[in-house]
Structure formats: C-alpha cells, structure tokens
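What follows is one structure encoded as structure tokens, with my remarks underneath.
Read the figures in this text as sums done on the coordinates, not as results from a lab. Fair warning: this is a prediction, and the values are worked out from it, not measured in the lab. Cβ: placed from backbone, ideal geometry, glycine included. Neighbour counts: every protein chain shown.
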Amino acid sequence: MTELRTPSSQNYNARDGPEASQIFTSHFNRYALDLSTPSSVTILDTTLRDGEQTPGVALSIEDKVRIAQMLDDLGVDIIEAGFPRASQGEQEAMRKMSALKLKAKLCGLARCSRPDIDAAVDSGVNYVHVFIATSEGHMKHKLKMTRPEVKTKAVEAVEYARSRGVMVEFSCEDGTRTELDFLKEMHMAVQEAGVDKINLPDTVGTMSPAAMEYLVSEVMKVTKVPLSIHCHDDFGMATANSLAAVRKGARQVHVCVNGLGERAGNAALEEVVMGLLAFMNVRTNVDSRKLGMTSKAVSRMMGMPIPDNKAIVGNNAFAHESGIHVHGVLKDPSTYEAMSPELVGMQRNIVMGKHTGAHSVKDKLGQYGIVVSEEMLADIVEKVKRLAEGGKGVDDAELVALAMHIGQSEKQHRHVQLKEFTVFTGMNITPTSTVVVDIDGEIKRSSDIGIGPVDAALNAIRSAVNKNISLAEYRLSAITGGSDALCEVTVKLKMNGDQKVMSVGKSIGSDIVLTSVDAAMEAVDRLLARQKVQE
Ligand code: KIV
Ligand code: ZN
C-alpha cells in the first residue's frame with residue numbers, strides 16, 4: 001500500500017531529489033504540497049482501450065500486442081487493453097497479450113453484466129474494470145434505471161467478477177456529475193462486495209482542479225480501498241485534474257499515451273508522470289527516459305500525429321529559435337527549459353528562423369565542425385533571417401550549405417567525385433550497386449548490396465570511400481505531388497569512433513535513388529574535407 005506524506009517530507013519536492021539537476025520547476029510548488037498526497041501512485045494505461053476509442057483509430061491485433069509490450073517495458077502497472085465483449089478480435093488480442101506474461105497486470109473493461117465479465121476473464125486477463133453510469137442524466141436517459149437498480153447491478157457484477165478470481169476495479173461512469181450522496185453510497189456498496197479499487201471517472205471532462213480537490217476529499221471519507229482517477233480533456237484540464245485528485249489522496253491515475261482517448265482525449269501519460277514527479281515528488285514505476293520513444297511509436301501505429309507544441313513529447317517541446325532563448329539555453333539550459341530533454345527521452349533542438357541569433361548559428365555550425373569568422377557569422381545570420389522572413393525555415397543542411405557558400409564562394413575543391421554509378425533491383429533479387437569514385441585523383445571501384453536500391457547505393461559509396469563512415473540520418477520528403485514528384489533528400493553521415501565528426505548533404509531531384517546518391521556524395525565530400533582539416 002502506498003504511504004502518505006509525513007510532515008517531514010511535506011516540503012520536499014523534485015527540486016531536492018535525485019532529479020534536481022534535471023528538473024527546473026518553480027520553487028513555489030513546494031508550498032502547495034499536502035499531507036493527503038501519497039508518495040507514489042500506480043499508473044493504469046488505457047491507450048489500448050479509451051485511446052483506441054479515439055475517433056479514426058483502429059489497431060491491428062499485432063499492433064495492440066506491440067504497444068502492450070512497449071507499455072510494459074515503460075513501467076506502467078496496469079494495461080487496460082480493451083473491451084473483450086466488443087469483438088472476437090479484441091479477445092484474441094487479449095489472449096496474445098496474456099501469453100506474453102507481462103509484468104503489468106492485464107485489464108479488460110466490462111459492463112456490469114456476466115457475459116461481459118466472462119468475455120474478459122476467458123480472454124486471459126487478471127484484472128477486470130467494471131463500470132456503470134451513476135449520474136442522474138445517464139441513469140434516466142441512457143440506462144433507464146433507478147438508483148437501487150443501478151446499485152444492485154454494480155454489487156452483483158463486483159461479486160461475480162471477484163468469484164472469477166481476478167482483481168476488480170469499479171467505476172461510477174460520469175462519477176463527477178453524480179450526486180455526492182449516491183456516489184458515496186455506490187462506493188460503500190461495491191466496497192462491501194469486495195472490490196479491490198474504485199475509479200472515479202470525469203467522463204465528460206467537466207471538472208476544474210479546485211472542484212476535483214473538493215470531490216476527492218469528500219469521496220475519500222468513505223473510500224477505504226485505493227481510489228483511482230480517470231480524467232477526460234474536454235476543457236484541457238485532464239492532467240491538472242489528475243494531479244489535483246492525487247494531491248487529495250488518489251493512489252492511481254488512468255492515462256493514455258499522447259493524451260489519446262474519446263473526444264479531446266484522456267490525461268496524457270507523459271504529462272501526468274512528469275507533473276506528479278516535478279510538482280509533487282510523487283513517484284511512479286514509469287521509466288521517464290522511454291517516454292519520447294513510446295510516444296513516437298504509439299503515434300505512428302495509431303496514425304495520430306503528435307502536435308508540434310505537445311507538452312513533453314512534441315517536436316517543439318525542447319526547440320529554441322529566438323536569439324535570446326538560444327543564448328540563454330546554451331549558457332544554462334534551465335533558463336528556458338523546465339526539465340532536461342534527456343530525462344524524458346527527447347533531444348534539444350536549436351531551430352533556425354527569423355528570431356535566430358548569432359549564438360545559435362555559431363553553435364549549430366560548430367556541431368558540424370564549421371568555424372566561421374565574426375564577419376561571416378553576421379553574414380550567415382542575415383541570410384537565415386531573410387530566408388525565414390520569406391517563409392522558408394532553414395534546416396541543418398541548408399545552414400551548412402549557406403556557410404560553405406559564403407566561406408568558399410571563390411572555388412570549392414571537391415575531394416570526392418562520382419565517376420560511375422549503377423544499381424540493380426527488382427523482384428526476388430538482392431539490390432546491388434557499383435560505384436566508381438575519384439578521391440583526390442585516385443580511382444576506386446566498389447560494389448555492395450542493401451535492403452533496397454538506396455541502401456545498396458549508400459553502402460557501395462561507403463565501401464569505396466571509407467567503411468568507417470556510417471549513416472546518422474536519412475530524410476526523404478516530397479516537394480511536389482504525383483508520381484513525377486520532386487523529392488528532397490538529406491543525408492547526414494558520421495565517422496565511427498568520432499561522434500563529433502559529422503556532415504550533411506542535401507539534394508533535390510525527381511529520381512529518389514539518384515537524388516540520394518547526390519546528397520550522399522556531398523556529405524561524403526564534406527566529411528573528408530573535415531577530416532583533412534583535423535589531420
Ligand atoms: O470515461 C469514462 O467514464 C470511461 C469509463 C469506462 C470508466 O472511460
Ligand atoms: Zn474514459
């Protein structure tokens with residue numbers, strides 16, 4: 001059972017703990033700590049149930065199983081993996097997850113009915129979440145049932161689920177719009193029936209954090225089993241409401257990765273875990289360093305892009321563009337970051353745009369080993385701003401190209417030139433490429449294979465030039481639509497054993513393979529040029 005705070009730990013927050021060097025929250029948070037707050041909570045992840053109810057999302061059985069494995073690895077305590085009564089596919093997915101013997105408990109959702117509970121238990125779950133609506137509106141319009149009828153159904157369902165030998169969590173659906181006396185009566189009744197945990201759903205996301213603190217304090221007066229909280233984000237309050245509930249004693253939070261879920265979604269796993277830790281020093285079993293990776297994988301599998309400005313896991317969550325901010329962050333990240341990106345498995349990104357200053361340009365060029373004079377730097381910054389004002393963001397490759405162009409506007413000597421290039425590909429043959437390159441006058445020929453024509457071509461170039469070169473990043477984007485689309489390829493290379501030696505090449509063309517080779521040759525040339533400077 002989780003412990004409550006003791007007076008001596010009341011003024012302790014994450015700024016004093018092991019993450020102190022990576023969390024930079026306001027010192028005022030310590031004054032809002034409460035003795036009712038538990039020191040740790042469990043996390044029930046419902047990405048595969050409420051999250052899958054996100055409009056437009058439907059997962060294959062394989063993807064569901066993959067996500068369950070990922071959530072288990074992340075450290076969530078309970079995985080609510082579906083509503084088994086809904087379909088055979090749902091039951092099959094549950095059975096496959098159950099066979100994995102995950103560390104997390106495997107939970108199935110069920111209405112207060114024996115067939116629902118049987119479908120869950122027979123699919124191999126060891127935890128059942130039963131629910132019935134208890135607000136006046138839901139009972140009257142949806143269930144067409146009276147209070148006593150609802151209570152009887154809930155009690156019978158809890159007793160039956162218990163008799164099937166699984167752990168049972170019970171929810172009063174629309175709990176936050178249920179009359180307080182009836183909500184308490186329901187909690188007491190299911191407790192008597194032997195429930196293991198009671199969840200309080202803010203089904204339509206209609207609570208404020210202050211109201212949540214009041215309601216949880218009231219409910220805690222009669223709730224003797226651990227209380228859980230389930231918040232929807234209709235007013236953008238799901239994370240704040242979840243934290244408010246924990247502040248007053250809730251010991252479990254329902255979450256979805258990336259805040260997925262019905263309508264505006266549920267409380268976001270990454271926000272809840274980090275908010276609990278940073279503001280209240282409430283621990284979970286989640287490994288925060290895996291949050292970024294999990295978020296990206298779930299987004300991809302669910303086909304739900306992460307908004308750039310999404311807290312913790314969005315592309316811009318650790319991006320800095322304005323000169324003042326970049327200058328500050330380069331001197332001390334805490335100036336404009338609330339936590340270290342590494343703590344949540346993300347990376348800092350210095351973005352070049354119309355607010356870019358000399359510090360960011362200098363720092364970014366430095367990452368590619370390019371040192372420029374103050375005069376040149378001013379020139380580059382000016383050009384970046386002009387491009388950005390014209391609506392064109394400047395990425396790494398363009399910045400490097402700009403610096404090269406300004407710095408070597410006279411004549412640029414190419415160390416490596418491509419003399420010949422072929423690639424064979426088709427069905428049932430291994431893509432094979434041959435290249436002939438001229439490296440400072442010396443002719444080299446090499447062939448290699450790959451998993452596709454681009455991969456084979458890049459491998460052949462590496463074999464001819466230097467096997468220590470490895471691909472750090474390959475980016476392909478379509479510039480125009482249609483089958484004859486123009487594509488843009490960026491190739492980032494690094495030299496094995498020396499992480500600091502990096503280069504980038506970029507090319508635009510209509511043939512993906514030739515454009516990739518062109519970009520790779522530019523990057524190879526720059527990498528060799530850099531190595532020569534170092535020798
Ligand atoms: O939002 C909700 O009320 C639910 C219930 C099934 C708990 O998701
Ligand atoms: Zn819900």
When all Cα-Cα pair distances of the chain are considered, the percent exceeding 35 Å is 49
The range 163-246: which chymotrypsin sites (Phe, Trp or Tyr not before Pro) are DSSP loop and have at most 16 other beta-carbon atoms within 10 angstrom? Phe235
Computed label-point distance, nm, for sites Ser36 and Asn315 using a 7 Å Cα→Cβ extension: 4.3
Give me the Kirkwood hydrodynamic radius of the range 319-406 in Å, from all C-alpha pairs, to one decimal place? 13.2
Which loop GluC sites (Glu not before Pro) in the range 39-94, with loop taken from DSSP, have no more than 11 other Cβ atoms within 10 angstrom of their Cβ? none
Name the residue farthest towards the positive end of the dipole of the range 416-534 from the options Ala457, Ala520, Asn496, assuming +1 on Cβ of Lys and Arg, -1 on Cβ of Asp and Glu, about the Cα centre. Asn496
Using the basic label-point model (7 angstrom from Cα toward the beta carbon), what is the Glu156 to Met188 distance in nanometres? 2.3
Fraction of alpha-carbon pairs in the range 38-302 farther than 30 Å apart, rounded to whole percent, equals 20
Amide H within-cut-off set for Ala250, under 5 Å, with H built and near neighbours excluded: none
Would you compute, from DSSP H runs of 4+ residues alone, the mean residue ellipticity of the chain at 222 nm, taking -39500 (n - 2.57) per run and dividing by the full residue count, rounded to the nearest 500? -11500 deg cm²/dmol
Starting from 0.36 nm per residue, how many nanometres of slack lie between Ser26 and Asn349 once their C-alpha separation is accounted for? 114.0 nm
At 0.36 nm per residue, and after removing the present C-alpha to C-alpha distance, how many nm does the segment from Ile512 to Arg283 gain when stretched out fully? 77.6 nm
Give the calculated FRET efficiency between Glu382 and Glu149 to the nearest 0.05, with a Förster radius of 56 Å applied to their Cβ-Cβ distance. 0.15
Within the set Lys105/Lys197; Lys383/Lys494; Lys96/Lys224, which residue pairs have Cα atoms separated by over 23 Å? Lys383/Lys494; Lys96/Lys224
I want to check the label-to-label distance for Ile324 and Asp73. Put each point 7 Å from Cα in the C-beta direction and report it in nm to one decimal. 4.2
For Lys144, list the lysines whose Cα falls under 18 Å from its own Cα; do not include residues on the same chain fewer than 8 positions away. Lys153
Helix check for the chain. Which DSSP H runs span at least 30 Å along their own axis by Cα, with a mean Kyte-Doolittle hydropathy no less than 0.0? 512-534
So the FRET efficiency between Asp308 and Lys331, C-beta based with R0 = 25 Å and rounded to 0.05, is 0.50
Which ordering of Thr134, Thr152, Thr432 is given by a fewest-first count of other beta-carbon atoms within 10 Å? Thr152, Thr432, Thr134
Filter the trypsin sites (Lys or Arg not before Pro) in the range 128-178 down to the DSSP loop ones having no more than 13 other Cβ atoms within 10 Å, then list what survives. Lys144
Bridge type composition, the chain - antiparallel percent by DSSP, nearest 5: 50
Computed FRET value (nearest 0.05) for Ala86 with Ala338, which takes r as the C-beta separation and R₀ as 35 Å: 0.35
